[in-house]
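What follows is a single structure, written as structure tokens, with notes after it.
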Amino acid sequence: MIKYIEETTDYLKDKGFEAPEIGIILGTGLGQLLNNIEVIKEVSYNHIPNFPTATVEFHKGKLIYGKLEGKKVVVMQGRFHLYEGYSLQDVTFPVRIMHQLGIKKLLVSNAAGAINLDFKKGELMLIDDHINLQGGSPLAFKGVEQLGSRFTDMSAPYHPEINSKLEAIAANHNITLHKGVYASVVGPQLETRAEYRYLKIIGADAVGMSTVPEIIVANHLDLPVAAVSVLTDECDPDNLKPVNIEEIIQMAGKAEPNLILLFKELIKSM
Ligand code: HPA
């Protein structure tokens, strides 16, 4: 793994990805932040050595280096998911690369279903804690201790200071920002009614198919991280309508301007 990390980082440094300060992962349907970035360099995932080979969903997947609010950022447009057949180590490899490139903070976004029915689609949720239901750990491999502590502490996986800042920004701009627990499932099938009931009982406020592996690896690397879910559907088991993935992606796009504002103001304040 160390050799792969060095090789990939050297490649990106050669391409001009010099000393980014902040890493950003953009979730499904969330790409408009890029319109706010002064792009300096961009590379398709399938040109980056050792990156998982981009699937159909992410034939457009790109790593972007540029400036946002005067800060040097590296942005993942599209992420890798377990449901595409990658391993948890594959899915989180880009986090290790951004860390090696020098980022000091990581901001993560995703599209998620609202389990807490006080939360409505189109609203945002600051992830305060999570439940890993993906059946594995991105840290479960030989040699992990060469990159960080094997028994990584997860008592506060989402950086409290960044979270407070995001809450203050949301309040100042009249943006509804719920706070809650995100449960990660493998997918790609959506949940059954019984599964939505189960998720509520175990304490989840939102459910999605990503993010938790990246958060675990950020903690493994002692990299301060925060994550925001864009709520795209309401998961009411007693009133469940068929979920349409196009609608989910559309809803993510609709709520995205608030997410962009939060991230931009946060970066400005950093
Ligand atoms: N379940 C799982 N993942 C999701 C959902 C959902 O309801 N909505 C958006 N991503």
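The values are calculated or read from the model by the stated rules, or taken from the named source; none is laboratory data. Since the model is a prediction, treat every value here as computed from it, not as a measurement. All Cβ positions, glycine included, derive from the backbone under ideal geometry; neighbour counts span all protein chains shown. Heads up: the accessible areas ignore ligands, DNA and RNA and are worked out on the full protein's heavy atoms, side chains in. Shrake-Rupley method; radii C 1.70, N 1.55, O 1.52, S 1.80 Å.
Quick look at the values:
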| read-out | value |
| --- | --- |
| Test: residue in region 37-46 that is open to solvent by less than 30 Å² (accessible area, probe 1.4 Å), outside any helix (DSSP H, G or I), basic (Lys, Arg) and out of contact with any Asp or Glu (no Cβ under 6 Å at 6 or more places or on another chain) | no |
| Residue check for Lys104: more than 18 Å from Pro213 (Cα to Cα), within 16 Å of the ligand (Cβ to nearest atom) and open to solvent by 20 Å² or more (accessible area, probe 1.4 Å) | no |
| Options Ile260, Ile245: the member that is open to solvent by 70 Å² or more (accessible area, probe 1.4 Å), at negative phi and aliphatic (A, V, I, L, M) | Ile245 |
| Hits in region 187-235 (condition: near the ligand (Cβ under 9 Å from one of its atoms), of a type in the set (A, V, I, L, M) and open to solvent by 30 Å² or more (accessible area, probe 1.4 Å)) | Leu190, Met209 |
| Total residues in region 110-127, condition among the aliphatic types (A, V, I, L, M), away from the ligand (no atom under 11 Å from the Cβ) and open to solvent by 10 Å² or more (accessible area, probe 1.4 Å) | 1 |
| Residues within region 59-74 that are open to solvent by 30 Å² or more (accessible area, probe 1.4 Å) and aliphatic (A, V, I, L, M), tallied | 0 |
| Residue match in region 167-176 (condition: out of contact with any helix residue (DSSP H, G or I) (no Cβ under 9 Å at 6 or more places or on another chain) and either closer than 26 Å to Phe93 by Cβ or assigned to a loop (DSSP other than H, G, I, E, B) (or both)) | yes |
| Residue list for region 128-146, filter: open to solvent by 40 Å² or more (accessible area, probe 1.4 Å) and over 29 Å from Tyr198 (Cβ atoms) | Lys142, Glu145, Gln146 |
| Residue in region 19-34 that is assigned to a loop (DSSP other than H, G, I, E, B) and more than 20 Å from the chain's Cα centre (by Cα) present | yes |
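Yes/no per residue for (1) in contact (Cβ under 8 Å) with a residue 60 or more places away in the chain; (2) over 30 Å from Glu145 (Cβ atoms):
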| residue | (1), (2) |
| --- | --- |
| Lys3 | no, no |
| Asp10 | no, no |
| Leu30 | yes, yes |
| Leu33 | yes, yes |
| Phe51 | no, no |
| Gly61 | no, yes |
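Listed here are the residues, each with its yes/no results for (1) on the phi > 0 side of the Ramachandran plot; (2) at pLDDT below 95; (3) touching a strand residue (DSSP E or B) at 6+ places or on another chain (Cβ under 9 Å).
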site: Ser109; (1), (2), (3): no, no, yes
site: Leu117; (1), (2), (3): no, no, yes
site: Glu123; (1), (2), (3): no, no, yes
site: Leu139; (1), (2), (3): no, no, no
site: Lys142; (1), (2), (3): no, yes, no
site: Ser155; (1), (2), (3): no, no, no
